[in-house]
Amino acid sequence: MKKSLLGNIMAIAAVLVIGSVTHAATLVTDVTLVDVETGELVNGQSLLIRDGQIAEIATQIDAEGVDVLDGAGGYLIPGLWDSHVHIFSTPTEPDTALPLYLINGVTGIRDMGGLWPFEEQRALQSRIEAGEIIGPRLILSGAWVDASPGSWPGMFLADTPDDAQAIVDQISSEGWAAVKSYSMLNERTYLALAEAAAAKGLPLVGHIPERVALGTAIMAGQDGMEHFGRIPMACSTEEAGMLDALRYAMSEGADVSRVFSIMAERNGIILRTWDSALCSDILGQMTDARLHVSPTLVVADFYLGNWPAPDAERMRMLPSSVLEAWGKPDFRLEAMTDELRALAEDSVALDRHVFGMAHAAGVPILASSDASFANPYLFHGFSLLDELEIYVSAGLTPREALFTATVAPPRFFELDDQDGRITPGRRADLVLLDANPLDGLATLRSPRAVIVGGKVLDRAMLEDMRRRLLLAD
Ligand SMILES: [Zn+2]
């Protein structure tokens with residue numbers, strides 16, 4: 001097992017706290033501001049950062065007794081968000097995950113479910129907010145609700161509308177940021193969950209349950225949809241038939257192998273019966289409903305076997321226990337039939353094509369990776385940058401891809417101090433880059449500095465974090 005890296009993070013935090021005793025503020029000088037919403041570039045700007053916020057922006061700021069970060073030749077963007085991660089799947093996962101996010105310029109993450117008790121998740125969130133631990137801003141949306149016995153340990157379980165009502169009451173009183181629906185919920189319970197969440201003013205995010213049509217979820221007021229696969233399925237003339245087959249199999253007493261084989265047949269059916277006009281119709285409905293999608297397209301790399309070499313840096317930054325677990329046979333790969341394997345590349349190509357259509361149709365997108373120690377070959381930090389590159393290869397401009405990671409998330413989360421604009425009064429979560437990211441996203445891989453909650457991590461500090469991760473195990 002890994003020794004506590006938290007100690008290291010705390011040490012870095014201590015250095016920063018000592019630094020802030022003499023300098024309560026930082027002046028970033030002579031930088032080009034990137035407006036990710038409009039594509040506008042404004043060069044020669046200085047920013048004064050104080051108390052975790054952007055205090056002032058001007059061509060010239062005279063400030064004494066502040067730290068200075070030379071931004072000459074650099075481009076400043078809002079910090080990145082990964083809107084679908086799991087950092088609580090082992091007792092020590094945050095020790096590795098938090099610095100990995102920061103060195104990749106990710107200053108905000110939304111956790112979508114894990115094994116830690118909620119009180120402990122919230123304690124970590126508070127320590128990050130208080131500056132005791134250096135990490136990205138953390139949103140806790142992992143109150144996942146599934147049918148019994150639950151797809152993962154520790155889930156809320158609801159099999160009836162009454163269960164759903166009681167669970168939403170509990171989720172609301174505990175203080176989670178959202179209710180997360182999961183795959184095995186039956187339709188009546190799911191609809192009750194949606195109604196109860198709306199009554200409590202909580203967003204309903206998560207999986208569209210396997211027996212619920214996408215159109216039904218839109219009508220029910222689902223606010224956020226995790227993963228992309230249900231959209232190509234809803235573009236198939238056979239969506240209703242596929243849902244019925246599964247409902248029938250599950251009503252018969254949920255023979256798991258029958259359920260899996262029905263789900264395994266879906267990709268082939270979707271490839272044969274996919275319909276462009278039907279697709280445009282459902283995408284239009286999603287756009288009108290402002291149903292936000294967290295695509296997690298990078299997950300396909302796992303199924304396609306696009307795994308990094310064992311000596312790749314991102315592999316060496318993980319605890320050996322994690323690499324060991326990833327090296328074992330995985331139930332998700334074992335469940336793949338030969339047919340599914342043969343179709344995998346075509347299915348991934350269709351997903352990416354429909355993703356391009358979704359973006360063109362105006363469906364709101366939240367860049368998301370599904371990174372977790374529990375998800376083999378998905379990496380905290382790195383996989384979000386991979387995901388953004390997939391968006392560009394699917395036809396988005398670099399600016400449009402960046403929008404899904406900088407502007408869309410804080411607005412969807414309704415944060416009052418962050419909206420993807422670099423302007424006074426906003427929280428100072430920023431990334432300083434060597435090149436213009438609107439010309440290409442490669443520059444995101446080596447930020448010159450990352451500013452999180454007003455704390456500046458310059459290149460030397462980022463290097464130090466990287467080195468500690470490489471040495472940690
Ligand atoms: Zn997930």
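Nothing in this text is a laboratory measurement; each read-out follows from the coordinates by a stated rule. All figures in this text were calculated on a predicted structure; none of them were measured in a lab. As a convention, Cβ positions derive from the backbone with ideal geometry for all residues, glycine included, and neighbour counts pool all protein chains shown.
Tabulated data for the structure shown
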{"quantity": "Cα-centred dipole magnitude for the chain, charges only on beta-carbon of K, R (+1) and D, E (-1), debye, nearest 20", "calculated": "560"}
{"quantity": "0 to 90° range, to nearest 10: angle between helix 187-200 axis and the chain longest Cα axis", "calculated": "30"}
{"quantity": "Rounded to 5, the percent of DSSP beta bridges in the chain classed as antiparallel", "calculated": "50"}
{"quantity": "Angle between the chain longest axis and helix 276-289 axis [Cα atoms, degrees, rounded to 10]", "calculated": "60"}
{"quantity": "Over the chain: helical MRE at 222 nm, DSSP H runs n ≥ 4 each giving -39500 (n - 2.57), nearest 500", "calculated": "-13500 deg cm²/dmol"}
{"quantity": "³J(HN,Hα), Karplus 6.51/-1.76/1.60, whole Hz, each residue of region 82-87, x for Gly, Pro", "calculated": "10, 8, 8, 9, 9, 9"}
{"quantity": "Residues whose placed amide H lies under 5 Å from that of Gly206, excluding near-sequence neighbours", "calculated": "Ser181, Gly224, Met225, Glu226"}
{"quantity": "Stretch in the chain that is longest and holds no trypsin sites (Lys or Arg not before Pro) that DSSP places in a loop and that have at most 13 other beta carbons within 10 Å", "calculated": "4-289"}
{"quantity": "Length added when fully stretched, Asp417-Arg290, from 0.36 nm per residue minus Cα-Cα", "calculated": "43.5 nm"}
{"quantity": "Coil-residue GluC sites (Glu not before Pro) of region 33-124, DSSP, other Cβ within 10 Å capped at 11", "calculated": "Glu40, Glu64"}
{"quantity": "R0 of 41 Å, Cβ-Cβ distance Gln170-Arg332: FRET efficiency to nearest 0.05", "calculated": "0.85"}
{"quantity": "On Cα atoms only, tilt of 338-360 relative to the major axis of the chain in degrees", "calculated": "60"}
{"quantity": "Cleavage-rule hits (GluC sites (Glu not before Pro)) in region 400-473: DSSP loop, at most 13 neighbouring Cβ within 10 angstrom", "calculated": "Glu414"}
{"quantity": "Lys pairs, the chain - Cα-Cα below 26 angstrom, 8 or more residues apart or on other chains", "calculated": "4"}
